[in-house]
Amino acid sequence: MTKFKVTKTYSQINEKIKAGKAVVVTAEEIIDIVKDQGPVEAAQQVDVVTTGTFAPMCSSGAFINIGQSKPLVRTTRTWFNNVPAYSGLAAVDCFVGATQTSDDDPLNRIYPGEFNYGGGHVIQDLVAGKKIELRAESYGTDCYPNKRIERIVTLDELPQATMCNPRNAYQNYNCAINRSDKIRYTYMGTLKPHMGNANYSTSGSLSPLFNDPYLKTIGIGTRIFLGGAQGYVTWHGTQHKKDVSRGLNGVPLTPAGTLFVMGNLKEMSQEWLVGQSIRGYGCSLSVGIGIPIPILNEEMVTYTAVSDEDLFTQVVDYGHDYPNAVSKSYGQVSYAELKSGTIMIQGTQVQTVPLSSMVKARKIAKLLKESIQNGTFLLGEPQHFFN
């Protein structure tokens, strides 16, 4: 077992938070602290490092209970603003997915470029307090005889609404290019032919799972900033990978860990849940997530001190390789290079385009920092780890 010069517990840090004595810095601020003072001194001084990311996260959605009718109903089909929700649950429970397009969405007629309205927009409209057209159908049974519901609802009027995202906060992701001679419309945005642009979607040194590459402090029960409210990590996300190639400090060089997260949708904000219309692809939802990293020892502070210059990802061709499930990299680039505005790919200078917002990522990390400092956000000690 590794022996550390600095050791802290979750309860010790939480007591400092309650007393207003915890030292909290963002993942950008910790870099210079470790550089100037070294990991041991930094670990003694700092208690929590806050992270943040805001980007499209397609595997998101919400479980919603629409409320009963008179006579009673057990819904088999449900729509919100004409967006279908999955109703194969029980009574009046359903799940609205972020990427589900409305039944009259133009993409269903294959018109790339038209605005797509879908589940992500429904979720944003709900948290914004807007009125939503609810429609539900059933075949009717002796115990649930009603066959149809039509009403106008708001989020406040719904009995329960729980954000439930099976795959969020990807630990690194591809840089997407298009080497073909045609425009490609992808979930990574519009990609111009002949490597006309390179799109990426990670907040780099602020990204939550970059700051804890082996998920040593993140697991079931970790309390997080989710959509503007306090939420929780409830399991590892779908497509979660541990056995991947890693660089400095163990940071993955390819898509790796993911998180399954949940929270009370009624407490969330339209600022941090934004429906997206992605040209030629469909709909998604941009989600704001921030995770506090407790500095339990000097190892953890070393992980959080990683900079954009030390974080790398792979360049992948979405014009041919990706849709054909070909695993090939056209180079490795750092997030410092990506954020500079251009990268070099096989001797060609290519413009970079971020799908994530650094402005909002920084704001999330700052808001989380302030919440911990004022004692309104305590650390949730994980009950099970995924590493």
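Points worth noting:
- R0 of 30 Å, Cβ-Cβ distance Arg77-Thr238: FRET efficiency to nearest 0.05: 0.75
- Per the Debye calculation on segment 215-288 with a single equal scatterer at every Cα and no solvent contribution, log₁₀ I(q)/I(0) for q = 0.12, 0.16, 0.28 Å⁻¹ amounts to -0.45, -0.76, -1.15.
- Taking only the alpha carbons of segment 61-163, we obtain Rg and Dmax values of 13.8, 47 Å in that order.
- Working from Cα pairs under 8 Å separated by at least six residues, relative contact order for the chain is 26 percent.
- When each of Trp235, Trp272 is scored by the number of other beta-carbon atoms lying within 10 Å, the sequence from fewest to most is Trp235, Trp272.
- Our summary gives segment 61-163 a relative contact order of 35 percent, counting only alpha carbon pairs under 8 angstrom and 6 or more residues apart.
- Annotation: average projected area of the chain is 20.9 square nanometres, based on the convex hull of Cα atoms across all directions.
- Diffusion coefficient, µm² s⁻¹, Stokes-Einstein with Kirkwood Rh over alpha-carbon pairs of segment 13-86 at 4 °C and 1.567 mPa s: 75 µm²/s
- Fewest neighbouring Cβ atoms within 10 Å first, the residues His236, His384, His194 line up as His384, His194, His236.
- What the Kirkwood sum gives for segment 79-225 is a hydrodynamic radius of 18.9 Å, with every pair of different alpha carbons counted.
- Shape call, segment 273-387: gyration tensor on alpha carbons, a/c limit 1.5: prolate
- Sorted by Cβ neighbour density within 10 Å, fewest at the top, the residues Lys366, Lys5: Lys5, Lys366
Any read-out appearing in this document is the output of simple, stated calculations on the displayed coordinates, not a laboratory observation. Since we're looking at a predicted model, the values are computed, not measured. Virtual Cβ from ideal backbone geometry, glycine too; neighbours counted across all protein chains shown.
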